[in-house]
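First comes the structure, then the notes that go with it.
Computed from the coordinates by the stated procedures, all read-outs in this text should not be read as laboratory data. Predicted model, so just to flag it, every value in this text is computed and none were measured. No Cβ is skipped: glycine too gets one built from the backbone with ideal geometry, and neighbour counts run over all protein chains shown.
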Amino acid sequence: MARFEAQTGQTDAAIRRLKTSLSVIGQSTPQTIAMHGQLARLEEQAAKAEYYAKLTEKIDLSMPESIEFYEFKVEEAKAKHEGIKNGSIPRQHSFDLPYANKAVKEAEKNLTLAKRLWA
């Protein structure tokens with residue numbers, strides 16, 4: 001992830017330099033047209049780097065790591081459900097318990113699917 005952050009920082013600096021140069025020149029010459037093209041490419045590269053940096057935190061069923069992830073999610077959901085059920089976690093509204101139960105069932109379903117896919 002640090003690689004993406006460094007790349008984004010370098011790209012942002014290059015974009016600022018190009019915008020400053022374009023504002024100083026201010027005329028439409030072949031040089032400024034080329035600079036506009038370069039600016040567009042740098043902005044696109046910055047957007048891609050930001051997108052891939054966000055994806056580094058994502059885990060879904062298409063990855064073998066999803067088994068461990070969903071095992072953790074099942075434990076977490078069961079603990080929350082039990083806490084709400086026995087009163088150690090206060091209810092915010094009347095549907096907290098059904099929502100917690102649904103989260104447990106969904107996590108268990110995802111875990112069985114992940115095991116079927118990757119185990």
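Things to note:
- Gain in span if fully extended, Tyr52 to Glu68, counting 0.36 nm per residue against the direct Cα distance: 3.5 nm
- Segment 66-118 - percent relative contact order, Cα under 8 Å, separation 6 or more: 53
- Spacing of the two label points (7 Å from each Cα toward its C-beta) at Asp12 and Leu61, in nm: 3.7
- Cα-based reach from Lys102 at 23 Å (exclusive), listing lysines while leaving out same-chain residues under 8 positions away: Lys58, Lys73, Lys78, Lys80, Lys85, Lys115
- Spin-label pair Thr112-Tyr99: with each label point 7 Å from Cα along the Cα-Cβ axis, the two points sit 2.5 nm from one another.
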